[in-house]
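All remarks here apply to the structure that follows.
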Amino acid sequence: MEDIYKVILEEALAGYWDCYFQEDKVMYSPAFKALFGYQDNELPNNIATWINLILPEDRPKMDKCLREHYDSHGEKAFNIDVRYKHKNGSIIWVNSTGRVIEWEGNTPIRMVGCHIDITGKKNAEHELEVQEETFRNAFEYSPIGMVLVSTDGRFLKVNKSICDMLGYSAAELTQKTFQEITHPDDLQADIELVQKTLRKEISAYKMEKRYITKSGKALWILLHVALVFSGNGEPLYFVSQVKDITERRLAESALRESERRWIFASEGTGGGIWDYDLRNNTIFHSKACLAMIGLEEHEFSNVPGEWTKRVHPDDREAYIKEVRCYISGESETYSNQHRVLCKDGSYKWILDRAKVIEYKNDGKPARIIGTHIDITEQKLQEQQLQKTLDIVSGQNSRLLNFAYIVSHNLRTHSSNFNMIMDIVTDPSTSEQEKQELYNHLKKVSDQLNDTIINLNEVVSIQTNIGIQTAQINLRSYVERSVELLTNEIKTLGVEVDNRIAADYVLSYNPAYMESIILNLLSNAIKYRSLTQRPHVIIDHLADSSGRNGFIIIDNGIGIDLKKHGSQLFGMYKTFNGNRDARGMGLFITKNQVEALGGKIEVESELGKGTTFKVYLN
């Protein structure tokens with residue numbers, strides 16, 4: 001029978017032992033030795049082997065348990081959990097049990113028992129203790145309210161945060177139920193969720209409701225509830241987390257009232273409303289909002305991005321950037337002006353404003369409400385005003401420049417006249433000297449006449465308000481200028497490439513057009529390249545706003561714009577050392593272009609040529 005027991009122990013992976021005290025002999029089974037990582041022949045069969053395997057700190061506990069077994073003559077069982085040293089250096093937990101089976105009086109002669117490895121069990125128990133301690137600390141010291149509630153609603157355990165929140169002590173609160181302190185208007189909804197949880201229809205729930213504090217004040221809370229079950233699936237208790245959201249609810253209430261007033265005020269001024277729900281990623285545009293761009297409600301989707309697609313390409317990047325900055329919190333306010341495509345293909349200017357009225361739990365916007373106001377008329381007035389200011393500014397600038405030129409040039413001629421007359425009337429001046437002075441006086445007079453003619457031409461351009469325009473064929477005007485300059489073109493071998501379409505027509509003053517083309521073409525010939533065949537290209541152009549005009553490109557000597565750019569269109573300004581240059585051509589050309597609201601631009605590089613771009617209004 002004894003052999004049968006040994007087999008059973010070996011099969012159960014328990015190491016058995018048989019100790020003979022008088023002989024200092026212990027029979028350790030192979031499973032016993034394997035328990036500590038040894039082969040059968042690696043451990044001597046004596047009591048010292050056992051003693052040496054036990055962790056020194058646990059030996060007193062083992063000795064005490066054995067002594068109590070001996071002293072009680074086996075009445076008190078020998079059963080103890082102690083730590084042993086494994087061969088690999090690790091520590092294992094072992095349950096040691098045994099009994100003295102032979103006595104000589106009160107002296108134990110023979111004792112048998114077994115060792116079972118319980119390391120896994122002990123580790124699990126330790127892990128459970130750590131988890132329980134962690135939960136206990138998290139429960140007690142949580143900044144939000146933590147509560148254990150029985151299935152019938154009684155508070156079983158509460159932490160300091162919930163006590164501070166409600167004004168009760170822990171002893172007072174554990175005498176109450178959640179039903180007693182829940183606001184009557186919120187109680188039924190909470191009870192229904194509790195019942196669903198108990199029926200296992202839901203595993204947990206959260207809700208916003210009101211508690212009544214000890215002082216009688218209503219307190220808004222965010223409640224998270226989960227049910228804890230036993231091993232056999234029976235409900236034990238609820239674990240509840242309670243967060244005070246009173247301030248948030250009051251702020252939301254105030255915000256809703258503000259929103260209501262804002263919407264009322266906006267609709268009353270003829271504006272439209274849009275409402276962006278970031279939780280569901282949908283956006284609503286009011287009827288008035290869509291009517292601004294000629295659409296009905298069924299013609300516009302509630303998917304975000306539909307409005308953005310209609311924003312003018314030149315405005316879209318700034319519009320998207322400002323919206324994103326506001327949503328991300330980079331900017332505190334949002335206001336943007338942009339153009340939107342209407343149903344009829346036209347564009348309207350919209351003033352877009354918005355503000356966040358709801359936030360998610362992570363602090364990010366959950367809902368944004370905005371307004372659209374049609375400011376097209378205002379924008380047109382601003383543009384017209386700016387255009388008028390630009391004209392007045394240009395006229396003032398030209399007037400100042402003109403006044404300076406008149407003062408300087410006439411004063412110079414006046415001084416020449418006075419000097420000559422002083423010499424002529426001098427009695428000591430000979431007749432021959434007087435004759436020479438008369439000849440010089442004629443030259444001064446001719447120069448004054450040229451100056452007056454030039455100034456008169458400038459005045460006629462700047463004061464001619466009712467300049468007449470007509471439909472003119474641009475190509476034919478270029479051909480006319482080429483014909484006028486035929487001798488120079490042939491003599492100098494200039495190649496003129498007129499690329500303007502034969503049927504290209506625009507509205508402009510004929511005299512101005514002829515003067516502008518002639519001046520620019522003659523300059524291209526005058527300042528031609530001396531190292532290669534002169535080549536001039538004339539073509540039509542148009543800018544992004546739809547204004548038409550023409551471009552003249554040459555491969556001439558070019559102009560140093562860094563040095564002379566600011567004076568290029570000045571009166572009497574010359575830059576290339578040409579003795580025939582008067583410095584009037586570009587000045588008059590610029591005045592003729594701007595007189596009808598146009599503009600002239602220049603690009604040039606020394607040694608490579610010059611390009612003039614003329615935009616006609």
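Pair-distance distribution of the stretch 281-320: all C-alpha pairs, bin width 10 Å, starting at 0; shares per bin in whole percent are 28, 52, 20. Please label the shape of the stretch 58-211 as rounded, prolate or oblate, based on the square roots a ≥ b ≥ c of the eigenvalues of the alpha-carbon gyration tensor (a/c under 1.5 means rounded; beyond that, a/b larger than b/c means prolate, else oblate). Prolate is the answer for the stretch 58-211, as a/c is 1.5 or above and a/b outweighs b/c. Panel values: the stretch 467-521, Kirkwood radius from alpha carbon pairs, Stokes-Einstein at 4 °C and 1.567 mPa s, translational diffusion coefficient 109 µm²/s. Across Ser545, Ser507, the residue with the most accessible area heads the list, and the full order at a 1.4 Å probe is Ser545, Ser507.
Loop-located GluC sites (Glu not before Pro) in the stretch 287-382 (DSSP state not H, G, I, E or B) with no more than 12 neighbouring Cβ atoms inside 10 Å: Glu296, Glu330, Glu332. Counted over the stretch 58-108 with a bin width of 10 Å, the fraction of Cα pairs per bin, in whole percents, is 24, 44, 23, 8, 0.
The listed residues Lys160, Lys61, once ranked by accessible area (1.4 Å probe) with the largest placed first, stand as Lys160, Lys61. Note on the stretch 30-96: Cα-only Rg and Dmax are 12.8, 37 Å. Calculated on C-alpha atoms, the gyration radius of the stretch 155-259 divided by its Kirkwood radius gives an Rg/Rh of 1.01. A full extension of the chain between Asp277 and Ala470 corresponds to an added length of 63.8 nm, given 0.36 nm per residue minus the alpha carbon distance. Its Cα gyration tensor gives the stretch 322-396 an equivalent ellipsoid. The semi-axes, each the square root of 5 times an eigenvalue, are 35, 16, 9 Å from largest down. For Glu431 and Asp314, what does the FRET efficiency come to when R0 = 56 Å and r is the distance between their Cβ atoms, rounded to the nearest 0.05? According to the calculation, E is roughly 0.15.
The values are calculated or read from the model by the stated rules, or taken from the named source; none is laboratory data. Keep in mind that this is a model prediction, so the values were computed, not measured. All Cβ positions, glycine included, derive from the backbone under ideal geometry; neighbour counts span all protein chains shown. All accessible areas refer to the heavy atoms of the entire protein, side chains included, with ligands and DNA or RNA removed. Shrake-Rupley method; radii C 1.70, N 1.55, O 1.52, S 1.80 Å.
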